[in-house]
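Visitor: Below is one structure. I have some questions about it.
Read-outs: derived from the displayed coordinates by stated rules, not from any lab. Please read all numbers here as calculations on a predicted model, not as lab measurements. With ideal geometry, Cβ positions are generated from the backbone for all residues, glycine too; neighbour counts draw on all protein chains shown.
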Amino acid sequence: MERGRAAMTQVPVVVGPTGIGKSQLAFELAVQLGGEIVVADSRQVYQRLDIATNKPSDEHRRQVRYHMIDFVDPATNFNAAHYVEGARGAIDDIASRGMTPIVEGGTMLYVDALCDGFSLTGIPPNPSLRAELEALDVARLRARLLAMDPDPGVDLDNPVRMIRAIEIVDAAGPPLRRLRTRTPPTWQPLRIGLTAGLATIDRRLDERSHLQVERGLVAETQAALDAGVPPTAPVLTGIGYAEALAHIRGELTLEELPLAMARSNRRYARRQLRWWRRDSRVLWFEIEPDPLPGILKHVRKAA
RNA sequence: GGCGACGUAGCCAAGUGGUAAGGCAGAGGUCUGCAAAACCUCCAUCCCCAGUUCGAUUCUGGGCGUCGCCU
């Protein structure tokens, strides 16, 4: 069958909370399996901002080929649909060359959109409509949305979700639900979760935050500003950069900076854990004893 | 030692004689094109004792504590 090899291809997908060593594990997995890594991360796609986005080291990049990082102008916006398109292409490309694609990431929506094949409705953002809708309060947004689609299936308290819903229905007509479909990819995701106790995660995040500041996070942020990246750009709203900006504005001392970063990271890590722990398809591995052998065994058995 | 102010959740902080705003942090949850975002839910009986009162976190007295000023 034509879809033959591709259809059967198992793609390891390494997920888990930030700061737990996913990147390192994916690297080791790639080395062992002869693979290339497709990062699923909404911030690593942007060029230059390396420190707080936790991009792979030059050393790792020399040994393993990485995809979906470092290719978007930081002054622009990138989104889940762009990601899925690029990542699917990357995976097909890797597989076509006989290598093993390995997805690794932290952005929950990106991972699920890619691996579950979310349609994302196919309607692109409409900036002028968004600008208009952003001026409305929640009640008005809700009324406007319900007038177009009485049962849109979105959080009616959430302005961001309602604006998106209105945008879709405005372009494609109701009902919204019919546009949100799933078309699984031609390959089989093998979800591997990396986890650890919260105390361990918190300690690592604390250490990493201090390290990032020492490595020049503030200078990197300032350089981005100097290069014309607006403070409102998505990258600069990310963990680390948001705090660095606050420091540059004088709202945080240099001593407070890593503490604030660690706090944001803790919150994010917990959200990631909550997102994936409800997904029964994820097989979890503790990071404490080296999880690589067990993961390799699992991957090889599945293949 | 004297004088003054203050003492509300982990932190910041409103407030009233009738049974405690809000913010941050924390916990849980939602999630199909901004997702490291956005949104939802939960989270205190007001320093201690006595008194006044139908009823005190809110009034009075005492104690303890903190801060400031003075000697």
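Visitor: When the dipole is taken about the Cα centre of segment A:182-247, and only Lys, Arg (+1) and Asp, Glu (-1) are charged at their Cβ, what size is it in debye, to the nearest 20?
Guide: 440
Visitor: To one decimal place, what orientation-averaged projected area in nm² is obtained for the convex hull of the Cα set of segment A:150-218?
Guide: That works out to 9.7 nm².
Visitor: Please report the antiparallel percentage of the DSSP beta bridges confined to chain A, to the nearest 5. List each step's numbers first, then the result.
Guide: On the way: 1 of 23 bridges.
Approximately 5 percent, going by the DSSP bridge assignments.
Visitor: Only Lys, Arg, Asp and Glu count, each charged at its Cβ (+1, +1, -1, -1), so figure out the dipole size of chain A about its Cα centre, rounded to 20 debye.
Guide: Numbers: 39 positive and 38 negative charges, 216 e Å.
Computed about the Cα centre, the dipole is about 1040 debye.
Visitor: About the Cα centre of segment A:17-86, what is the dipole size in debye to 20, counting +1 per Lys and Arg Cβ and -1 per Asp and Glu Cβ, all else neutral?
Guide: Here segment A:17-86 has a charge dipole of around 80 debye.
Visitor: Put +1 on the Cβ of every Lys and Arg and -1 on every Asp and Glu Cβ in segment A:64-158; which of A:Gly105, A:Cys115, A:His67 then has its Cα farthest towards the positive end of the dipole?
Guide: A:His67
Visitor: Sticking to Cα atoms, compute the Rg of segment A:214-303 to one decimal and its Dmax as the biggest Cα-Cα distance, whole number, in Å.
Guide: Expressed in Å, the Cα Rg and Dmax of segment A:214-303 come to 18.6, 54.
Visitor: Fewest Cβ neighbours within 10 Å first, please rank A:Ser209, A:Ser264 accordingly.
Guide: A:Ser264, A:Ser209
Visitor: Out of segment A:25-129, which chymotrypsin sites (Phe, Trp or Tyr not before Pro) are coil in DSSP terms and have no more than 10 other C-beta atoms within 10 Å?
Guide: Values: sites: A:Phe27, A:Tyr46, A:Tyr66, A:Phe71, A:Phe78, A:Tyr83, A:Tyr110, A:Phe118; in loops: A:Phe71, A:Phe78.
Here no loop site has a sparse enough neighbourhood.
Visitor: Classify segment A:102-189 from the C-alpha gyration tensor, please: rounded if a/c falls under 1.5, else prolate or oblate depending on whether a/b exceeds b/c.
Guide: Judged from the Cα gyration tensor, segment A:102-189 comes out prolate (a/c at least 1.5, a/b above b/c).
Visitor: Please compute the Kirkwood hydrodynamic radius of segment A:1-100 from all pairs of different C-alpha atoms, in Å with one decimal.
Guide: That comes to 14.4 Å for segment A:1-100.
Visitor: Something else about it: Through the Karplus equation 6.51 cos²θ - 1.76 cosθ + 1.60, θ set to phi - 60°, convert the phi angles of segment A:245-253 into ³J(HN,Hα) values in whole Hz; use x for Gly and Pro.
Guide: Each residue of segment A:245-253 in turn: 5, 4, 5, 4, 7, x, 8, 9, 7 Hz.
Visitor: Give the residue list of trypsin sites (Lys or Arg not before Pro) in segment A:31-66 that are DSSP loop and have at most 16 other beta-carbon atoms within 10 angstrom.
Guide: Details: sites: A:Arg43, A:Arg48, A:Arg61, A:Arg62, A:Arg65; in loops: A:Arg43, A:Arg48, A:Arg65.
Listed in order of number, the matching sites are A:Arg48, A:Arg65.
Visitor: Just to compare against my own numbers: the Cα pair-distance distribution for chain A, 20 Å bins, whole % per bin, please.
Guide: Taking all Cα pairs of chain A, the binned fractions are 30, 57, 13, 0 percent.
Visitor: If you don't mind, another one. Suppose we flag GluC sites (Glu not before Pro) only when DSSP calls them loop and at most 12 other Cβ atoms lie within 10 Å. Which is the longest uninterrupted stretch of chain A?
Guide: Numbers: sites that count: A:Glu2, A:Glu134, A:Glu251, A:Glu255.
So the longest stretch without any such site is A:3-133.
Visitor: Along the charge dipole of chain A, Cβ charges K/R +1 and D/E -1, which of A:Leu190, A:Pro234, A:Ala260 sits furthest on the positive end?
Guide: The listed residue farthest towards the positive side: A:Leu190.
Visitor: Take the alpha carbon gyration tensor of segment A:179-232, find the square roots of its eigenvalues, order them as a ≥ b ≥ c, and report rounded if a/c is under 1.5; if not, report prolate when a/b exceeds b/c, else oblate. The partial results should precede the final answer.
Guide: Working: a/c = 3.40, a/b = 1.36, b/c = 2.50.
Judged from the Cα gyration tensor, segment A:179-232 comes out oblate (a/c at least 1.5, b/c at or above a/b).
Visitor: So what's Rg/Rh here for segment A:137-255, counting alpha carbon atoms and using the Kirkwood radius for Rh?
Guide: Values: Rg = 21.3 Å, Rh = 18.7 Å.
Radius of gyration over Kirkwood radius for segment A:137-255 works out to 1.14.
Visitor: Given the rule -39500 (n - 2.57) for each run of at least 4 DSSP H residues, summed and divided by the residues of chain A, what is its mean residue ellipticity at 222 nm, to the nearest 500 deg cm²/dmol?
Guide: Theoretical 222 nm ellipticity from helices: -15000 deg cm²/dmol.
Visitor: Tell me the net charge near A:Gly193. Cut-off is 13 Å between Cβ atoms, A:Gly193 excluded, with +1 for each Lys or Arg and -1 for each Asp or Glu.
Guide: +3
Visitor: Kirkwood Rh, Cα Rg: Rg to Rh for segment A:38-143? Don't jump to the answer; show the numbers that get you there.
Guide: Details: Rg = 16.7 Å, Rh = 15.7 Å.
That ratio is 1.06, to two decimals.
Visitor: So, one more: Specify which residue in the list A:Gln212, A:Gly294, A:Ala246 is farthest towards the positive end of the charge dipole of segment A:201-303, using unit charges on the beta carbon of Lys, Arg (+1) and Asp, Glu (-1), about the Cα centre.
Guide: Ranked along the dipole, the leading option is A:Gly294.
Visitor: Follow-up. Please list the non-local residues whose amide H lies under 5 Å from the amide H of A:Val72, H modeled 1.01 Å from N, same-chain partners needing a gap of 5 or more.
Guide: Long-range HN contacts for A:Val72: A:Tyr46, A:Gln47.
Visitor: Then there's this: What residue among A:Thr221, A:Thr237, A:Thr107 has the largest mean-square fluctuation in a Gaussian network model of chain A, using Cα springs under 10 Å?
Guide: Looking only at A:Thr221, A:Thr237, A:Thr107, the biggest GNM fluctuation is shown by A:Thr237.
Visitor: Mind listing which trypsin sites (Lys or Arg not before Pro) in segment A:235-295 are in a DSSP loop and have 13 or fewer other Cβ atoms within 10 Å?
Guide: A:Arg249, A:Arg278, A:Arg281
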